[in-house]
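A short worksheet on the structure shown next.
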Amino acid sequence: MKICVLGAGVVGVTTAYMLTRAGHDVVLIEQASGPATGTSKANGAQLSYSYVEPFASPATARKLTNYLLGTDPGIKLGLSLKPSYLAWGVRFLRNCRRAEYEKNFQNREALAELSRSSLDEIEAEIPNGAIPRTGKGKLVIAEDEKTLNGLIASARFSPDGLNELQVLNKLECAELAPTLGRTDREIFGGVYCETDEALDTQIYCSTLLSANVRNRKPVVKYDERFETIELTDGRVSAVLTHENSYPCDAVIACLGGETNKALNGFIKPLPIYPVQGYSITLPATAEAPVCSITDLKHKFVIANLGDAVRIAGFMDTNLSPQRSKARAEELLETARRLWPGIADYNAEPNFWIGQRPMTPEGLPVIKESRTPGLYINAGHGSMGYTFAAGSAARVVELVGRA
Ligand SMILES: Cc1cc2nc3c(=O)[nH]c(=O)nc-3n(C[C@H](O)[C@H](O)[C@H](O)COP(=O)(O)OP(=O)(O)OC[C@H]3O[C@@H](n4cnc5c(N)ncnc54)[C@H](O)[C@@H]3O)c2cc1C
């Protein structure tokens, strides 16, 4: 089949790769001049298969007042009367109920596992074998016993032994992240997963797009803005960009938070809402932890990107541009205070603000739309990088092999 994939974020690039691998002729269309420039750009860089708890949970519902009042340092849910936000909020609250939470959690676990195995398959076929990881392993730290117990309950101790999870005490945490031993911060312990990984998304996307997939490659069209879809007898027959027309049998929309706007009239609006996060990228020092760190209380992650350290996190909605800028600076100051020495904090911080395309369930929408031949792969929220390979595998299942 001739297939157009729209959007070259981590989701679109992986989808284009997997469809090419399945024998289809793929054109990948992106409005920017390269891959991973949207939400995928400077994210936390974690392939985090072991911690996939959905945000909508009974625990989140209990803390909601703090989030709404802005008293939690990591999450600030600004109010808005936008109908899309109110509808999303109601559905989010429904998903905080235990039964929905358990179901969403299991679905996320299944997608994480499929993502891990799909990325392993991709990697085995890439010549010279590798998508070069920079961060190896992931440590999630807890400041008190109750948090550690919650963490143990939500981590995936898989019976097949794929997740090498270990519960660590304070001293063992400080061996992995020596900075912890030198601050007066109270740490109770943590959970370490040896098999979680980190890698810059730009490197990931470039590696996939430059690799021959069974002697073929997707054709990539940068600097082309998708405008509309041409239908013949009610079915997708071409994609029109601002400059070209691409005849095709199917379209896969991997447009993240832009999906509803770009496909207005072709799809039923999806419950995807932008949840803002921030990152800073600083030169690494000799003390930069090799493994990734999740600082649970303050809701950010630290990733080793080789020469650089990426600190990414916080979850906010409906903040003004001015407040958003202040939040990015808050992230920098919090990291400087709690994690001194791991990066050169006097260097240019390379502030970045990104919008997680969140669904209330915490699961991406992967399905054929009401327009025959138009498929959606969007709404990956906080886990788009981790879930990209499994989501692409599901798209291949839906579309079929060539
Ligand atoms: C602070 C932060 C930290 C995060 N950390 C992690 C992490 O550690 N691990 C993880 O798994 N996930 C993480 N995420 C989530 C992850 O970044 C997202 O889920 C993921 O990037 C979504 O990818 P995407 O390809 O769907 O969207 P995008 O990356 O936004 O890609 C969509 C693409 O579509 C293009 N596009 C839009 N409209 C058009 C058009 N009309 N024509 C052509 N092209 C168009 C855009 O230019 C863009 O390139 C984080 C997110 C944030 C904000």
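Laboratory data are not the source of any read-out in this text; all were calculated from the coordinates shown. Here the structure is a predicted model, which means the values were calculated and not measured. Cβ placement follows ideal geometry from the backbone for every residue including glycine, while neighbour counts extend to all protein chains displayed.
For the range 210-362, averaging the sequence separation of C-alpha pairs within contact (under 8 Å, six or more residues apart) and dividing by the residue count gives a relative contact order of 24 percent. Excluding same-chain neighbours fewer than eight residues apart, the lysines reachable from Lys63 by a Cα-Cα span under 25 Å are Lys76, Lys82, Lys103, Lys146, Lys297, Lys299, Lys325.
Among Ser279, Ser57, what is the fewest-to-most ranking by other Cβ atoms within 10 Å?
Fewest-to-most ranking of Ser279, Ser57: Ser57, Ser279.
For the chain, the longest principal axis of the alpha carbon atoms and the long axis of helix 83-95 meet at an angle near 60°.
Full extension of the segment from Arg370 to Glu333, taken as 0.36 nm per residue of separation minus the current Cα-Cα distance, would add 8.6 nm.
Here the Karplus curve 6.51 cos²θ - 1.76 cosθ + 1.60, taken at θ = phi - 60°, turns the phi angles of the range 22-31 into couplings of 7, x, 8, 8, 10, 10, 9, 10, 9, 6 Hz, with x standing for Gly and Pro. Counting other Cβ atoms within 10 Å as a rough exposure proxy, the listed residues His24, His298 run His298, His24 from fewest neighbours to most. Normalised by the number of residues in the chain, the mean separation of alpha-carbon contacts (under 8 Å, six or more apart) gives a relative contact order of 28 percent. Extension gain for Lys2-Tyr222 works out to 77.4 nm (0.36 nm per residue, less the C-alpha to C-alpha distance).
Let's test the formula: R0 of 56 Å, r as the Cβ-Cβ distance of Asp233 and Leu69. What FRET efficiency results, to the nearest 0.05?
Working: r = 54 Å, r/R0 = 0.97.
So, using R0 = 56 Å, E works out to roughly 0.55.
From most to least packed by mean Cβ count within 10 Å, the peptides 189-195, 210-216, 47-53 give 47-53, 189-195, 210-216. Comparing Asn260, Asn107, Asn244 in a Gaussian network model of the chain, where Cα atoms under 10 Å apart are tied by springs, the biggest mean-square fluctuation is seen for Asn244. In sequence order, the range 338-345 has phi-based couplings of 8, 10, x, x, 7, 8, 7, 6 Hz under the Karplus curve 6.51 cos²θ - 1.76 cosθ + 1.60, θ = phi - 60°, and Gly or Pro positions carry x.
Each listed q (0.07, 0.13, 0.14 Å⁻¹) maps to a log10 I(q)/I(0) for the range 2-399 from the Debye sum over equal C-alpha point scatterers, namely -0.31, -1.12, -1.29. Relative to the longest principal axis of the Cα atoms of the chain, helix 201-210 runs at roughly 30 degrees.
By the helix-only formula, in which each DSSP H run with n ≥ 4 contributes -39500 (n - 2.57) and the sum is divided by residues, the chain has a 222 nm mean residue ellipticity of -10500 deg cm²/dmol. Label zone of Ala59 (point 7 Å out along Cα→Cβ, amide N under 11 Å): in the range 283-321 this covers 296-297. Taking a straight line from the alpha carbon of Lys2, these lysines sit under 26 Å away, with near neighbours fewer than eight places off in the same chain left out: Lys217, Lys221, Lys261, Lys268, Lys367. Sorted on the mean count of surrounding Cβ atoms within 10 Å across their residues, most packed first, peptides 383-393, 320-330, 359-369, 140-150 read 383-393, 359-369, 140-150, 320-330. Between Val239 and Glu230, Tyr246, Cys248, the built amide H atoms are under 5 Å apart, and every one of these is 5 or more places off in sequence or on another chain.
Please label the shape of the range 216-333 as rounded, prolate or oblate, based on the square roots a ≥ b ≥ c of the eigenvalues of the alpha-carbon gyration tensor (a/c under 1.5 means rounded; beyond that, a/b larger than b/c means prolate, else oblate).
Cα axes put the range 216-333 in the prolate bin.
Of the GluC sites (Glu not before Pro) found in the range 209-251, the ones in coil according to DSSP and having at most 15 other Cβ atoms within 10 Å of their Cβ are Glu243.
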